[in-house]
1. Does anyone have the angle between helix 2-28 and the longest principal axis of the chain? Alpha-carbon axes, 0 to 90°, nearest 10?
2. Looking at region 159-324, how many pairs of lysines come closer than 21 Å at the Cα, when each pair is eight or more places apart or spans two chains?
3. Go through region 39-113 and name the GluC sites (Glu not before Pro) that are in a DSSP coil and have 11 or fewer other Cβ atoms within 10 Å of their Cβ.
4. Identify the GluC sites (Glu not before Pro) of region 240-329 meeting these criteria: DSSP loop state and at most 14 other C-beta atoms within 10 Å of the C-beta.
5. For each cysteine in the chain, check whether another cysteine's C-beta sits under 4.7 Å from its C-beta; list those where none does.
6. For a bin width of 5 Å, list the pair-distance distribution of region 37-154 built from all Cα-Cα distances, rounded to whole %.
7. Computed from the coordinates I sent, Rg/Rh (Cα atoms, Kirkwood Rh) equals one of (i) 1.18; (ii) 0.95; (iii) 1.03. Tell me the label.
8. Please name which of Gly105, Gly241, Thr187 has its Cα lying farthest along the dipole of the chain towards the positive end, using unit charges on Cβ (Lys, Arg +1; Asp, Glu -1) and the Cα centre as origin.
Amino acid sequence: MKNSTKVITLVVIIILIIGGMLAYYKVGQAPIDGSNTTSLNSIKGCYIAKLNKDIYSLNIQSENNGNVAGTLSYNNFEKDSSSGSINGTFTNDTLVGNYSFDSEGSHSDRQVIFKKVGDNFVEGFGPVKVISGKEVFDPITSVTYDPKSTFVKSENCAVAFKDSNNIFSFDYNPSFKALELKNAPSTDWRVNTTQPGVLLSKVTVPKSFMPGTNFSEATFTVGRSSDANALSTCSTVATNGEVKGGEKTIDGKDFTTFTLGDAGAGNFYDTTSYRGIVDGDCYAIEYTIHSTNLGNYSPDQGIKEFDKAKIQNTLEAIISSFQFQIQSS
């Protein structure tokens with residue numbers, strides 16, 4: 001009996017020793033520099049900040065050993081907007097990078113800084129000085145972080161647009177600029193028409209979406225007309241060089257596809273227009289891709305042919321998200 005007790009006691013001791021050793025080695029593998037497991041989580045993804053009608057986006061596309069690359073855009077409602085690339089480093093929950101951007105036809109570089117707070121990034125601001133034409137923080141230790149400029153993690157990297165009259169909505173890339181328009185009736189409601197209508201909204205894709213290429217810009221528009229002639233030919237008649245294509249369903253509504261190519265002075269304009277009658281009006285949901293002739297550039301500029309399929313797919317994604325808040329008559 002005593003021998004059995006000794007054996008049991010010995011087994012228990014051995015188990016405790018082994019358990020202690022395992023616990024020791026497990027703890028020994030933990031960081032000892034005060035960091036936690038969040039540093040192991042990738043920061044790749046899209047982050048969006050909404051400041052009233054201004055929309056900013058940070059899209060981290062690659063992360064390798066603390067080196068970060070992606071895109072950054074500031075779409076301001078009533079001020080100059082900018083968009084471009086960001087390259088920098090991410091250490092100790094702080095992202096410091098160079099923002100290389102285009103704004104109102106000019107190119108610039110400046111330093112930017114973001115602090116990771118939870119799943120989001122908060123932008124920092126502080127005194128700057130200009131070195132070789134570039135703005136940098138001086139000193140960087142004086143930077144403070146404004147909670148109002150919090151870039152929130154976005155799963156699908158999209159912003160919802162909804163017109164104020166509650167007629168339609170769609171999702172778009174936050175690096176694009178979307179506007180609701182309240183213009184007087186004109187022929188601007190769709191391309192290639194002499195009939196009056198109203199242009200309701202416009203999304204602009206900047207040149208910086210495809211840097212280093214002959215891509216110039218693209219526009220996505222929504223227009224409608226109640227003009228009798230526009231209604232009678234809405235989805236049936238191709239005019240002025242248009243080519244009528246197949247049918248397309250947009251949010252359960254029937255539309256007809258029309259395409260148009262135009263060129264002049266080394267510029268190309270390719271338009272895809274979807275037209276159909278909804279709630280008694282003729283709607284034109286369309287996009288135009290503007291590019292330039294590669295022959296316009298000298299070889300040393302390194303300008304390459306843009307990826308037309310990529311921009312088409314991006315614009316078609318907007319149309320796929322399109323929803324009418326009204327019912328077809």
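1. The answer is roughly 40 degrees.
2. Close lysine pairs under the 21 Å cut-off: 20.
3. Values: sites: Glu63, Glu78, Glu104; in loops: Glu78, Glu104.
Here the GluC sites (Glu not before Pro) that fit, given the DSSP loop and packing criteria, are Glu78, Glu104.
4. On the way: sites: Glu242, Glu247, Glu286, Glu305, Glu316; in loops: Glu242, Glu305.
Those that pass, being in a loop and sparsely packed, are Glu305.
5. none
6. Percent of pairs per bin, in order: 2, 11, 21, 25, 23, 13, 4, 1, 0.
7. The value computed from this structure is option (i).
8. Gly105
All of the numbers you see were taken from the coordinates with simple rules; none came from a lab. Predicted, not measured: the structure shown is a model, and the values here were computed from it. Using ideal geometry, Cβ is built from the backbone for each residue, glycine included, and neighbour counts are taken over all protein chains shown.
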